[in-house]
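Structure, as structure tokens:
The values are calculated or read from the model by the stated rules, or taken from the named source; none is laboratory data. Predicted model, so just to flag it, every value in this text is computed and none were measured. As a convention, Cβ positions derive from the backbone with ideal geometry for all residues, glycine included, and neighbour counts pool all protein chains shown.
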Amino acid sequence: MAATKTQVRLSERQKLLIALSTIPAGAMQGMDSFATGVALPQMQGALSATITEVSWVLTAYLVAAAMFTPVYAWLARKLGRKRLYIFVICGFLLFSTLVSQSSSIPEIVAFRFLQGCFAAGLNPLTIQVVLATFPADQHGKAFGWLQTGRMSAVVIGPLVGGVLTEFFGWQVVYLMNIPLGLTALVMMHTLVPTDKPEGSKRFDLFGFFLLAICVGAFQLMLDNGQRRDWFDSPEIIFYSIIAASAFWVFAIHCFSTRNAYLNPAVLRNRDFIVGAIFGFILNFTMWGYVGLIPPILQNHLGYPPMDAGMLMTPRGIGTMVAAFCCGLLLQRFNPRPILFLGMLSLALSSWMLSELSRETGPLPIMLAILVQGFGLGFMSTAAVTAAFQNIPASLRPDASVILSLIRRIASSIGVSVLFLLLVRSTHTARQSLSENASLYNERLRHSLLPENWDLEDAAGLTNFEEVIDAEAQFIAYIHDFTIMMFAVIALMPLLLLLRSPKTTE
């Protein structure tokens, strides 16, 4: 095969340099994502947005990435990986700059959507470059190196994002993509050999529109469901019918046409399906952490953006260490025990976060986030290795975009579902707390309360209700962390479905 010949011609030094050349682009994407999480609370305040509106800064990006990820299998074959990679980096930089110059939530969401269209290509193209460069028995090690380098962005992303947000405003967060993007362009142009296009296979435009409609309608259903009272609303019913119908037609179309937008042959591989499910779990929890941890640190535990960024730094350190160790372990073991270790670490971290209180000091928080980093590092490397361990070389471009698509959808669902659970849990907790916040509560009447909590005064009652609102939302955050813990534990039995890798490619 052509891929095998390429691998024979490349020296070990050339392989390493090619792998290194993909790191800056991945680091740019990771830093953008995690720094955005740190900047969200200030963005919400500066633009007078609700928590639902500001969540679209994350979800618009993720929806676009989910819609456009499969396009890159076709484009990579038509244009070549290297040429397409350079184009994608340029587009990502352009819209990062435009986001930084935006002055309203609709404008930010629009440019974040377009930024996500280009971000959709970064992960599948990186996977394709690594798979084409390294032989099958070195994939675990290669993905471990790649994750170790890329997770440097997770180390410095929250910290740099916190510093820039606190001293210069949220806009500067997106401008810091520029130096990494320019470095990626230079390394990609210089170090990666130019590959030849494989020919112009017909693009499945019908499949593209069906999937875009499905993903868009599904996301609108998730993000508007809580405000519209879910299926009591004709609008939510309409979105759900559109999403389900588009998915049904899309599935039939994929299995009944040549050159389908998503190649269904990939889905016949059991290891790929299991690896993709673990990738779904990973991104669901990771983006849930991105959306939940910075607000609870800043809004409820009183940490400024810079300190919140420093508290989240151990996550990147843990991920880097775990990814490096995972690459070495995969040389001797199959992915199953490593995935178990990663899931156990994520469950433990979620439990530790669910035990937070307003008196919790910084060390327990940093420890929980460090353990979380170990879980992300082990799972991210082992899941992608498991997914590709028995995939034929001819199906790798299709498999890479399907895996990236599944992880993108998981990211979008993770942010939306956890924000919706947060809103619902806050409402439930507030109702429970408010039942006892009354002059008719004898215990409360005879308690020594602060002067500004006078329940017989309108201003005092307002102040007391603000405290109840804050406490209710804090309880809701704890509830979300508990749900994430049980979700990870419930899916551990899927590890038994993984097979051992084939000895030949």
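Here are the numbers for the structure shown:
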item	result
Residue that is surrounded by the fewest Cβ atoms within 10 Å (Cβ to Cβ), among those in the range 70-96 that are at pLDDT below 80 and within 21 Å of the chain's Cα centre (by Cα)	Pro70
Output for the range 10-30, where each listed residue is part of a helix (DSSP H, G or I), at pLDDT below 75 and in contact with a Pro (Cβ under 9 Å, 6 or more places away or on another chain)	none
Residue list for the range 117-137, filter: more than 24 Å from Ala64 (Cα to Cα), hydrophobic (A, V, I, L, M, F, W, C) and not in a helix (DSSP H, G or I)	Phe134
Residue identified as more than 30 Å from Gly30 (Cα to Cα), in contact (Cβ under 8 Å) with a residue 60 or more places away in the chain and not aromatic (Phe, Trp, Tyr) among Ala246, Ala265	Ala265
Qualifying residue in the range 154-163 (condition: outside any loop (DSSP other than H, G, I, E, B) and modelled with pLDDT of 85 or more)	no
Residue under evaluation Pro501, criteria (1) modelled with pLDDT of 65 or more; (2) surrounded by 16 or more Cβ atoms within 10 Å (Cβ to Cβ), criterion not met	(1)
Filter pass, Ser357 being in contact with a Gly (Cβ under 6 Å, 6 or more places away or on another chain), without any contact (Cβ under 8 Å) to a residue 40 or more places away in the chain and surrounded by fewer than 24 Cβ atoms within 10 Å (Cβ to Cβ)	no
Gly318 in contact (Cβ under 8 Å) with a residue 40 or more places away in the chain and in contact with a Lys or Arg (Cβ under 8 Å, 6 or more places away or on another chain)	no
Residues that are surrounded by fewer than 18 Cβ atoms within 10 Å (Cβ to Cβ), part of a helix (DSSP H, G or I) and more than 25 Å from the chain's Cα centre (by Cα), drawn from the range 169-200	Val186, His189, Thr190, Leu191
Failed item in (1) modelled with pLDDT of 80 or more; (2) in contact with a Leu (Cβ under 8 Å, 6 or more places away or on another chain); (3) closer than 22 Å to Ala76 by Cα, with Phe209 passing the rest	(2)
Qualifying positions in the range 98-108 - surrounded by fewer than 20 Cβ atoms within 10 Å (Cβ to Cβ), part of a helix (DSSP H, G or I) and at pLDDT below 90	Ser100, Ile105, Pro106, Glu107
Single unsatisfied condition, Arg258 versus (1) assigned to a helix (DSSP H, G or I); (2) over 14 Å from the mean Cα position of the chain (by Cα); (3) not aliphatic (A, V, I, L, M)	(1)
From Ile273, Ile277, residue being in the same structural domain as Ala490 (by TED's automatic domain parsing), at pLDDT 85 or above and over 27 Å from His479 (Cβ atoms)	Ile273
